[in-house]
2 protein chains.
Amino acid sequence: MTAESSPTPPTSPTLPLRERKKLRTRQTLIDTALDLFGAHGFDGVTLDGLCEAAEVSKRTFFRYFDSKEDVAMAPTQDLWAAFLDVLETCPADGRRLLALFEDALTEAIGRMPADGWAERVLASRRLAALTPSMDAHGLAFCDRTTRSALAVVERRFTLPGPDGRLHARLALDLLVVLFHRTLDAWVTQPTGHTPDDLVHRLHATAAELPSALTATAGPQV
Amino acid sequence: MTAESSPTPPTSPTLPLRERKKLRTRQTLIDTALDLFGAHGFDGVTLDGLCEAAEVSKRTFFRYFDSKEDVAMAPTQDLWAAFLDVLETCPADGRRLLALFEDALTEAIGRMPADGWAERVLASRRLAALTPSMDAHGLAFCDRTTRSALAVVERRFTLPGPDGRLHARLALDLLVVLFHRTLDAWVTQPTGHTPDDLVHRLHATAAELPSALTATAGPQV
DNA sequence: AGGCTTATGCCACTCAGTGGCAGATTCTCG
DNA sequence: CGAGAATCTGCCACTGAGTGGCATAAGCCT
């Protein structure tokens, strides 16, 4: 439909046509899904309806995504994929693991496409808050990512002490917890849903961790 | 079938017959499910098969459980229900929130039925490790429980400071993380799957939290 | 252009989960 | 004890997610 301005550049820096089509189909599916889910709710849209709107067969849908929940979670999943990628290459100076993870996630957020990613995350999270099965799916995905990240860390770094592996796992779990609380706050705020603000809030939430560890409670008056 | 020895005690301390039957049906469903899932895998058992084995109609199954995953998660869910119950009544001396939660969970573990609960948890967790959809379901349930617990805490206790609510939520998230790592280790060990050992390991894992916060990593040699 | 690889569409199928209704069981109160 | 109300249960039909198989079409390579 919207033909590129340059018909056939001599040295094409882009991917081969087939790959570009796949990317576009995937993105169409994501955008259509977030649109429809936002309008009628997750359960108010059938896969058949979604596929018809996106002009693909149901069979094709399942070659791109594992489940109905999956397509709505794509923005977050892209982020964690980038996180793993950053973790794969970042240096291991003697910093604290948690700080290292925090910075890797910051870097990953920075790598997200500037056009519309934040909006898609926002739509996705708002949907998840209303849809138990989406929430469950997202949580499980984070857990799997945590395990992958732990594998990368074990392979690339030296974890001192007999409990080094446990410490790394706990640090990763902590990062996930911090990120989720950060997302909660970021999604809830009325305006200013930018990646930069997300990063800012991530560090702010992380700064509260020591207080959370020592926080006490008195009886209700 | 197995009639009670005392036909009709004058002052019956037990629940009415109808309630007892319901309890028994529920427990039969759980035991049958864990048996069959353990033998053929979660996906190797259909609901129709499970219902036939438990001698109930599928319609009845869904009057007791929300989903196929739900029945296999019952042991853990019973624990968290008890946790909420303990939280509802425990005193709020000036202790740290995290310690308070840890003790409440310990108390909840102590309230679990001595006969077979540990075995059921073990079977349930081993299944969950092999079944993504069960894992997701369990994670989502923990998240919902965390929110319920936060509501109880906010209602019963005073949370000082503008970030008191965040601190409490983080402390609860931490407890869940600690519990999951504890379960990982407890399930993995070859023997000694007792509630007491679970409690012991919970405190041991919690003791590693400060180290996890400050842990560092060097480059791989 | 022609053959090779890969993505897509279509069809039929299994299984989880739901709604409705009829019949059975338990509770309650006269 | 017995009638009637309140539940609990079983059966049946139905929707919708997800899968496997196979034929076709589209992009790729030389």
Cβ-Cβ under 9 Å, sequence separation 6+ or interchain: first residue in the stretch A:96-111 and hydroxyl-bearing (Ser, Thr, Tyr), partner assigned to a helix (DSSP H, G or I) and open to solvent by 40 Å² or more (accessible area, probe 1.4 Å). Which pairs? A:106/A:203
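Restricting attention to the stretch A:30-48, which residues are assigned to a helix (DSSP H, G or I) and either in contact with a strand residue (DSSP E or B) (Cβ under 8 Å, 6 or more places away or on another chain) or within 8 Å of DNA strand D (Cβ to nearest atom) (or both)?
Of the stretch A:30-48, the ones assigned to a helix (DSSP H, G or I) are A:30-40, A:42-44, A:47-48.
Hits for the stretch A:30-48 are A:43, A:47, A:48.
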Could you tell me whether residue A:36 is open to solvent by less than 80 Å² (accessible area, probe 1.4 Å), at pLDDT 95 or above and more than 16 Å from DNA strand C (Cβ to nearest atom)? yes
Is it the case that the stretch B:51-70 has a residue that's at pLDDT 95 or above, within 10 Å of DNA strand C (Cβ to nearest atom) and in contact with a Lys or Arg (Cβ under 8 Å, 6 or more places away or on another chain)? yes
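How many residues does the stretch B:185-201 contain that are closer than 27 Å to residue A:215 by Cα and either free of Cβ contacts under 8 Å to residues at least 12 places away in the same chain or among the hydroxyl-bearing types (Ser, Thr, Tyr) (or both)?
So in the stretch B:185-201, the residues closer than 27 Å to residue A:215 by Cα come out as B:198-201.
Filter once more, keeping what is either free of Cβ contacts under 8 Å to residues at least 12 places away in the same chain or among the hydroxyl-bearing types (Ser, Thr, Tyr) (or both): B:200.
Matching residues across the stretch B:185-201 total 1.
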Here are the criteria: (1) touching a Gly at 6+ places or on another chain (Cβ under 6 Å); (2) open to solvent by 50 Å² or more (accessible area, probe 1.4 Å). Tell me which single one residue A:73 does not satisfy. (2)
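Residues A:166, A:127: which one is of a type outside the set (Ser, Thr, Tyr) and touching a Lys or Arg at 6+ places or on another chain (Cβ under 9 Å)?
Working: A:127 fails: touching a Lys or Arg at 6+ places or on another chain (Cβ under 9 Å).
Result of the check over A:166, A:127: A:166.
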Filtering the stretch A:182-196 down to residues that are open to solvent by less than 40 Å² (accessible area, probe 1.4 Å), more than 14 Å from chain B (Cβ to nearest Cβ) and in a helix (DSSP H, G or I) yields A:187
If residue A:206 passes every condition in (1) closer than 30 Å to residue B:94 by Cα; (2) outside any helix (DSSP H, G or I) but one, which one does it miss? (2)
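Residues that are more than 10 Å from chain B (Cβ to nearest Cβ) and of a type outside the set (Ser, Thr, Tyr): does the stretch A:168-178 have at least one? First the steps, then the outcome.
Within the stretch A:168-178, the first condition is being more than 10 Å from chain B (Cβ to nearest Cβ), and the residues that meet it are A:175.
If we keep only those that are of a type outside the set (Ser, Thr, Tyr) too, we end up with A:175.
Within the stretch A:168-178, one or more residues are more than 10 Å from chain B (Cβ to nearest Cβ) and of a type outside the set (Ser, Thr, Tyr).
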Of the conditions (1) outside any helix (DSSP H, G or I); (2) facing chain A (nearest Cβ under 7 Å); (3) not aromatic (Phe, Trp, Tyr), residue B:211 fails just one. Which one is it? (1)
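The values are calculated or read from the model by the stated rules, or taken from the named source; none is laboratory data. All figures in this text were calculated on a predicted structure; none of them were measured in a lab. Every residue, glycine among them, receives a Cβ derived from its backbone with ideal geometry; neighbour counts consider all protein chains shown. Remember, those area values only see protein heavy atoms, side chains included, never the ligands or the DNA or RNA. Shrake-Rupley method; radii C 1.70, N 1.55, O 1.52, S 1.80 Å.
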